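The values are calculated or read from the model by the stated rules, or taken from the named source; none is laboratory data. These figures come from a predicted structure and were not determined experimentally. Glycine also receives a Cβ, built like all others from the backbone with ideal geometry; neighbour counts cover every protein chain displayed.
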Amino acid sequence: MDEKLLKPYDPKTTENRIYKLWEESGFFNPDNLPDDRKETFTIMMPPPNATGTLHMGHALFLTIEDIMIRYKRMRGFKTLWLPGTDHAAIATQSKVEKEIYKKEGKSRYDLGREELLKRIDEFVEKNKNIMTSQMRVMGASCDWSREAFTLDEKRNLAVNTIFKKMYDDGLIYRGNRIVNWDPKGQTTISDDEIVYEERNAKLYTFKYSKDFPISISTSRPETKIGDVAVAIHPDDKRYEQFVGKEYDVIFCGVPLHIKIIADKEVDPEFGTGALGVTPAHSIIDWEMADRHSLPRPQVINEYAKMSIGGENLLGKKTTEAREIIVSWLRSENLLEKEEEVKQNISTAERTGGIIEPLPKLQWFIDVNKPIKERDNKTLKDLMREPFEKEKIKIIPDYFSKTYFHWVENLRDWCISRQIWYGHRVPVWYRSTTLTAGKEEIYVGMKTPGNDNWKQDEDTLDTWFSSSLWTFSTLGWPEKTKDLETFHPTDVLETGYEILFFWVARMVLMSQYALGEIPFRKVFLHGTVRDIKGRKMSKSLNNGIDPLDIADKFGADAGRMALVVGTAPGTDSKISEDKIRGYKNFANKIWNITRFISDNVDENDFESSIQNKLTKEFYEIAEEITADMENYRFHLASEKIYQYVWHRFADEIIEESKKIIKNGGKKAEERKIALALIWAECLKILHPFMPFVTEEIWSMLPLKEKSLLMVEKWPS
RNA sequence: GCGCGGUUAGCUCAGUUGGUAGAGCGUGUCUUUGACGUAGACAAGGUCAUAGGUUCGAACCCUAUACCGCGCACCA
């Protein structure tokens, strides 16, 4: 017997050593796996943001994905789990900017583009190293030789290649359109990066001037100096007579020319049933301006300050301007009603800034344009189809409905960002005397030359590069062997909160660029919450660090605590008590081994197959295998736990003590059965608790054995 | 407003196609048995949110209601 077994199991002295053993074996890399493996199983790791260290959410996805990979590896698949990190453009830049401002009092403009990028690179490099070592601590059996970063050279080539292709196909266009502007982060953001916060607001009802015939309601009076029309519903009898008429008014010192229009977007039930149209500062109004050929004066600038008006307004913050206008309305006796309403305010997910809709010249992806190369389907079609035809299945499947709903409501995707960190828009401009004042545009992989060409200042939405992840990681646009072998990937395992951000866009890009789906299954996990059900966050200081858990209880215990009883798509609560329970389980496994570890000849295992206990075990093993195949890891883990502790240890071993004590043939038979079942249990336990099982495996007195991680799954 | 989840033991949650309700933690009593006290044995504890329906049979299927959570839209 190994002397280590005489003491309680100590994950601290074991886990690091075991991980090194695995890494040195080379088996993380599918090219090095034993036997001739044909069927592949591939997972692209959702790259964690390079903004910090890993938290329990990361620990959860690492655990689930590692379970899938280890299981398939033991089933003889050529398994690839490709790790990486995400440059997370806005999140990373704003974090570094904050740090620099705090320490040195300098803004990004003080530092300049080059210096800021240098600082961010250093920050990211540091975090990447921390994060990859954390992944190792969790036992992640991913292929480090293929590690990728969303902003490295290869991924940049993929980004530029697809940008050019989409531009040439007319799917990427530059347009002056209303966008979500974040005055705090000084950048645009996409619709999906908005979070709504409910707040109390006031709804004001008033007339522009005394002789104006219609009253309107708004919660943002300051935008009204940008009004060009009043819209009513076409069927609204109350205002019918005014449609088509035009009025000139002086509104708080600003001359306005107001046309009365009829538009079906207007809700006759809301407020007065008449809506002041402000094309430059409201998405709906912008679209109305399209339909009715209205001008679009901008009255608010990028700093959320008034850009028009007299001395009283010019340069004032929107909130100040609001009060000024309201008091003007009061003094002019134009204000008719003031009521408290609940309102959803759009804020930027990353910076918390209040979104100001503004017209800006930006790059967009057209989701409604027919693509010749793809049978005239639109990008929207390409996103929807694989789910409709069930080429891609979502687990749990009820998320499909949410997905369809989202695709239906999808608008063109604004992909340019006014920040410096990220893939720079691969477009160059120049205007020379030759071009007669008109700007010349070049879209390509690199600058067309030094003569007056200037690259677009903007960078791309971080999700643009992440959306290529399943194939950019495999070397696309080059036709690599990896791409041929491993794409489409098998499972995308991620959190439900990025179903749209990421999952949908990967489908879009893969369908468009390769004409094939990026993955066959989408496995969605929930959010890991604290014991009170709150999200873990820095401000609440209720986070649990996976490294602390690994240190205190062992990574195996942490993994089990995360996976047992956590059904796909549902949130879970984690507590130290739960984790402690699985630390005890690891010790249990250890002690069982101490009892079993008599020398047994594995050639006798064959004789034990018909044994009642062995048969019972294989029935349970079969159930567990079915759970594994159907992504019910929360059940599989619980079943093996139940069996090992409460059936095998509590009952079978107890009963075996007497039998073995009595000696004879029965004792020998029992010993063989126990050894066989135990070896098989370790295999089933391995994907869940890889460290302790591998350690025990190395001590088992079996003659023909490799690492447990490449042993054959019992079936 | 539209949609999606949830409501099961004191707490946290499982329950795969409808067939006598499960686990962990906690609680109580007992056991220094030779794998393990990080343990073992035994036990208490549930009209499965409510009301109807389908069925021989419902935690599970259908309808409605209530409450909790979430997504989308509106947000003039």
Would you check which residues across the range A:1-59 are within 16 Å of RNA strand B (Cβ to nearest atom), touching a residue at least 40 places away in the same chain (Cβ under 8 Å) and among the basic types (K, R) and list them?
A:K4, A:K12
For the range A:456-493, give me each residue that is among the polar types (S, T, N, Q) and buried (at least 18 other Cβ atoms within 10 Å of the Cβ).
A:T459, A:T462, A:S465, A:S466, A:S467, A:T470, A:S472, A:T473, A:T489
Among residues of the range A:349-360 being hydrophobic (A, V, I, L, M, F, W, C) and within 24 Å of A:T92 (Cα to Cα), the residue surrounded by the most Cβ atoms within 10 Å (Cβ to Cβ) is A:I355
If we keep only residues of the range A:407-417 that are crowded, with 17+ Cβ neighbours inside 10 Å and not charged (D, E, K, R), then the residue farthest from RNA strand B (Cβ to nearest atom) is A:S416
Exactly one condition in (1) over 27 Å from A:T351 (Cα atoms); (2) crowded, with 23+ Cβ neighbours inside 10 Å; (3) of a type in the set (S, T, Y); (4) in contact with a Phe, Trp or Tyr (Cβ under 7 Å, 6 or more places away or on another chain) is false for A:S217; which is it?
(2)
Test A:I640 against the criterion of being at pLDDT 90 or above, within 7 Å of RNA strand B (Cβ to nearest atom), under 20 Å from A:V692 (Cα atoms) and of a type in the set (A, V, I, L, M), and give yes or no.
no
Per the list (1) under 24 Å from A:D412 (Cβ atoms); (2) within 16 Å of RNA strand B (Cβ to nearest atom), residue check on A:K202 breaks on (1)
Report the residue count in the range A:521-544 for those that are touching a residue at least 40 places away in the same chain (Cβ under 8 Å), surrounded by fewer than 15 Cβ atoms within 10 Å (Cβ to Cβ) and either part of a strand (DSSP E or B) or under 23 Å from the mean Cα position of the chain (by Cα) (or both).
1
Starting from residues that are among the small types (G, A, S) and in contact with a helix residue (DSSP H, G or I) (Cβ under 9 Å, 6 or more places away or on another chain), keep the ones in the range A:287-321 and report whichever is surrounded by the most Cβ atoms within 10 Å (Cβ to Cβ).
A:A321
Answer yes if at least one residue in the range A:632-651 is surrounded by 14 or more Cβ atoms within 10 Å (Cβ to Cβ), of a type in the set (D, E) and over 20 Å from A:T566 (Cα atoms), and no otherwise.
no
What residue, of A:I216, A:I225, is at pLDDT 90 or above and within 9 Å of RNA strand B (Cβ to nearest atom)?
A:I216
If we keep just the residues of the range A:163-199 that are under 30 Å from A:I441 (Cα atoms) and hydrophobic (A, V, I, L, M, F, W, C), which is farthest from RNA strand B (Cβ to nearest atom)?
A:F163
Taking the range A:45-87 and keeping residues part of a loop (DSSP other than H, G, I, E, B) and either within 15 Å of the chain's Cα centre (by Cα) or modelled with pLDDT under 95 (or both) leaves A:M45, A:P46, A:P47, A:P48, A:A50, A:T51, A:G52, A:T53, A:L54, A:H55, A:P83, A:H87
Please enumerate the residues belonging to the range A:328-348 that are buried (at least 16 other Cβ atoms within 10 Å of the Cβ) and within 16 Å of RNA strand B (Cβ to nearest atom).
A:L329, A:L334, A:L335, A:S346, A:T347, A:A348
Can you tell me which residues in the range A:253-275 are more than 7 Å from RNA strand B (Cβ to nearest atom), in a loop (DSSP other than H, G, I, E, B) and in contact (Cβ under 8 Å) with a residue 40 or more places away in the chain?
A:G253, A:T272
Could you pull out the residue among A:G569, A:G581, A:G565 that is assigned to a helix (DSSP H, G or I) and of a type in the set (G, A, S)?
A:G581
Out of the residues in the range A:388-406 that are away from RNA strand B (no atom under 14 Å from the Cβ) and modelled with pLDDT under 90, state the one that is surrounded by the fewest Cβ atoms within 10 Å (Cβ to Cβ).
A:K389
Please verify whether the range A:236-248 includes one or more residues that are farther than 30 Å from A:V367 by Cα, buried (at least 20 other Cβ atoms within 10 Å of the Cβ), more than 10 Å from RNA strand B (Cβ to nearest atom) and at pLDDT below 95.
yes
Those residues of the range A:257-273 which are at pLDDT 90 or above and under 16 Å from A:Q241 (Cβ atoms), in sequence order
A:I258, A:K259, A:I260, A:I261, A:A262
